[in-house]
Ligand code: ADE
């Protein structure tokens, strides 16, 4: 199958695509200009194949419908959704001040007054979305953008239908992506509420803003998880008492006793110079608009018919992805694709047995060397080491939580992806499943 590649200058309906702004979660983000008004936008490009493969079409449909209803100055606005045969294009508000992450990386920590202002805006945006029943679940400074006025705009709100571990690379996890911002109850896969775990991430962000460092960090993943589970955070003495107290209350590893949004908003340190942001939909009657998820069909590259684009139902569009062509997902193999991790509640012994069962069922052969599994591809009874070689290792995080790490030594990327998908599906704990269950 031919891969559609978005080129600079390519037309997308009334937009002209420009430079790549980022390779963010689950796809590229490109700059786009509305050729009628000259206004700039950011276009997030989703591969329908991936959505199709994950069987999350209706979840995506629901979430995009909700996203179109979020109108808050501190949340990146979704203007419209366009689609081609293989892709979904989310036309977003363009935010031109970069990521909060870059600002802290270049300037170091922010002064308390400046940091508090940003944190107040973060909480305003987050609590607005929570009030509408939308949770982020992947809040980190990279998802917090800064506009020309220096105000915060949260991106990727409500895109939780794309499980964390399928983002970035279409593989199973933010491969070796840092769990530094993730709440302990989320890491433990023990069922959680989107609101409290988003607040935990806000607490981590506040700590990063005010200190320039991560509150939980360690090169050893198991040690890092343990620090997060204990809420074991070092508070610099020079930080004001008010800031320290608030951070401590947010980074409470017990989600049942963790501070709530209402309590944050009445905290003395938080309240200083606080001017709540007024949502843009304050005067509107907030209602579910059944047409909100109408996707405009476009022909990328050249808009053949400049007239009104056909309105197609999103479900039909996603369904139009005719085949599942895993081989076309990546033009080049990223180094990060070599290593993936997922959490599991199976014991190491069960995991080894199950990995062996799954991989032998897929035609691979397994060698167990001191608890490290080596997976090799077998071809008509012969092992052909040139094809695929993967190492699997299990780390204990807590009594009932383990991390499985898969590492490819060499071999076919698409085969490796299939293997990873299969193992994570069968052995990992699906966060999207949990989300659905917790919503019922
Ligand atoms: N990168 C990701 N999303 C963006 C946006 N909305 N504006 C600018 N850059 C972005």
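The values are calculated or read from the model by the stated rules, or taken from the named source; none is laboratory data. Just so we're clear, the structure is a prediction, and the values are computed from it rather than from any experiment. Virtual Cβ from ideal backbone geometry, glycine too; neighbours counted across all protein chains shown.
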Show me the strands (runs of 3 or more DSSP E) entirely contained within segment 334-440 in which 3 or more residues are at pLDDT 75 or above and either closer than 30 Å to residue 230 by Cβ or in contact with a helix residue (DSSP H, G or I) (Cβ under 6 Å, 6 or more places away or on another chain) (or both). 388-398, 401-411
Test: residue in segment 128-136 that is more than 21 Å from residue 31 (Cβ to Cβ), surrounded by 19 or more Cβ atoms within 10 Å (Cβ to Cβ) and within 16 Å of the ligand (Cβ to nearest atom): yes
Quick check: anything in segment 107-123 modelled with pLDDT under 90, more than 16 Å from the ligand (Cβ to nearest atom) and assigned to a helix (DSSP H, G or I)? yes
Checked segment 76-87 for anything buried (at least 22 other Cβ atoms within 10 Å of the Cβ), within 15 Å of the ligand (Cβ to nearest atom) and more than 13 Å from residue 155 (Cβ to Cβ); matches are 81
Among the candidates 38, 22, single out the residue that is away from the ligand (no atom under 15 Å from the Cβ), over 17 Å from residue 136 (Cα atoms) and outside the structural domain of residue 126 (by TED's automatic domain parsing). 38
What about residue 11, is it touching a residue at least 40 places away in the same chain (Cβ under 8 Å), surrounded by fewer than 18 Cβ atoms within 10 Å (Cβ to Cβ), more than 15 Å from the ligand (Cβ to nearest atom) and farther than 30 Å from residue 213 by Cα? no
